[in-house]
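Please read the structure below before turning to the comments.
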């Protein structure tokens, strides 16, 4: 496949990849979702991520039917990537896409949950050792030597047999390869690989230092008071042997024969000695390089396996840490329906009221949780969590589609070809209405099954017409065999719903002692929720900044039911 045929690879990007990687290696990097290779070639991380998502999960990306669904997807992957143990693992998480193959999704769930159990089984010291191993690996740039060192460290830390790739390695072969890796590069041997080579190099450096200061050597020997040339030559040999840690025989073997004077003898001897030591060091380096490379090749299969294993363990363990951090659970992947028990929205901080909800067929059997309704119309209080519930259902569906655990105690998630999540956008004009309908209707009428999660149509057109449109969408959802959850304040204005649809409600229950709205976020099935404006008016009355302001809010209280307002205020004072 030509580079330009990949989504997002234009002429400039293609040329940059060819110059940096070569066409064949660039195609390989795209096909293997190697973000690191593309970023090292000069492609921005964001662009590389988008290219690889399309190249490796184009069908999955098509599942994200709206911009809001894509935003939830991006936020989920960013949240998961924040728990990555290496930069490359974070990159790999960011290019995950929904999977069309359910067997593949089940396999990933097995891997991630097994890895989570292994992570939980480690004590604090072992976890710290694992983090240190990956940090050292990252700092070293993920080289072969860093991979081998990390693989050994991970095994020593006690990662369980859930990581089969780590436990098929030969420790002895890897430790021998670790000694060699990093010591030899293209035939050049680094310091510390061989004591004999290090001594030769040290003596060579000493000889070169003396050669550069030949006249200083001459003066040192003359100052010792030698009288004859023979005594002088012997003194030079003694001095050089002492300064280079060589034997007198080694120095004498390099001593010059035909010289014209003492200075010529010193410079010629030192020049010959340095040349001899350089030759001996080069011979020794070639021998050691061959031995080291032989050690690496003897362990080549284990080294390659260690490189692959560390990369894979980092990826799966990162997802496991994300799963553990949010106490995610395995969803049951089913053909149809969406049901959650004890579901939580990952975007909310602090204590969160878990929600149980369902649309379509399911078999969770949680109390009175209805089953079989193709559409639900969700009604209720402002700030009652209706939009949050839609987002939670979207999070659960997208995570499950990627083969990842979900934020719920239990969940059954059907197979969806499109997830249409649409938040309320408070713009009241025909352009917004048209763009909204263009966004949500085509996925619903396309091939496959859609999940519709749509928030408050009344925000984008007048209430009467919004009710008509919502009636049409509910009926269209049923007719297309899709599933839908539609949030509205217009339940009383809707025509009788199809038999396959139901109305659910969320209720506000009063004010807290801090005069915050107190809401039961768990929907009540088969009933219309109320907006209860008296609670809001009660808070405004209590917090009025002046007598005139209070009088205005009390006038509103009379309009919405003064008795209810007073009762709300009384309850709030009693609670305080």
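Points worth noting:
- Residues in the stretch 336-363 that are buried (at least 18 other Cβ atoms within 10 Å of the Cβ) and free of Cβ contacts under 8 Å to residues at least 60 places away in the same chain were compared, and the one that is nearest to residue 453 (Cα to Cα) is 358.
- Residue in the stretch 186-193 that is in a helix (DSSP H, G or I) and either free of Cβ contacts under 8 Å to residues at least 60 places away in the same chain or in the same structural domain as residue 243 (by TED's automatic domain parsing) (or both) present: no
- Some residue of the stretch 290-309 being surrounded by 21 or more Cβ atoms within 10 Å (Cβ to Cβ), touching a residue at least 40 places away in the same chain (Cβ under 8 Å) and within 19 Å of the chain's Cα centre (by Cα): yes
- Taking the stretch 149-167 as the range and being part of a loop (DSSP other than H, G, I, E, B) and crowded, with 18+ Cβ neighbours inside 10 Å as the test, the residues that pass are 159, 162, 163.
- Among the residues listed as 194, 171, 206, the single one being under 60 Å from the mean Cα position of the chain (by Cα) and surrounded by fewer than 16 Cβ atoms within 10 Å (Cβ to Cβ): 171
- Taking helices (runs of 4 or more DSSP H) as the structural unit, those lying wholly within the stretch 17-112 and holding at least 2 residues that are over 13 Å from the mean Cα position of the chain (by Cα), surrounded by 15 or more Cβ atoms within 10 Å (Cβ to Cβ) and modelled with pLDDT of 90 or more correspond to 67-81.
- Residue check for residue 401: out of contact with any helix residue (DSSP H, G or I) (no Cβ under 8 Å at 6 or more places or on another chain) and either surrounded by 15 or more Cβ atoms within 10 Å (Cβ to Cβ) or at pLDDT 90 or above (or both): no
- Any hit, the stretch 256-275, residues being assigned to a loop (DSSP other than H, G, I, E, B), surrounded by 13 or more Cβ atoms within 10 Å (Cβ to Cβ) and touching a helix residue (DSSP H, G or I) at 6+ places or on another chain (Cβ under 6 Å): yes
- Summed over the stretch 438-455, the residues that are farther than 21 Å from residue 388 by Cβ, touching a helix residue (DSSP H, G or I) at 6+ places or on another chain (Cβ under 7 Å) and touching a residue at least 60 places away in the same chain (Cβ under 8 Å) give a count of 1.
- Verdict on residue 361 being over 19 Å from residue 494 (Cβ atoms) and assigned to a loop (DSSP other than H, G, I, E, B): yes
- Among residues of the stretch 276-320, those that are assigned to a helix (DSSP H, G or I) and more than 30 Å from residue 116 (Cα to Cα), counted: 24
The values are calculated or read from the model by the stated rules, or taken from the named source; none is laboratory data. Not measured: the values here are computed from a predicted model. All Cβ positions, even for glycine, are placed from backbone atoms using ideal geometry, and neighbour counts span all protein chains on display.
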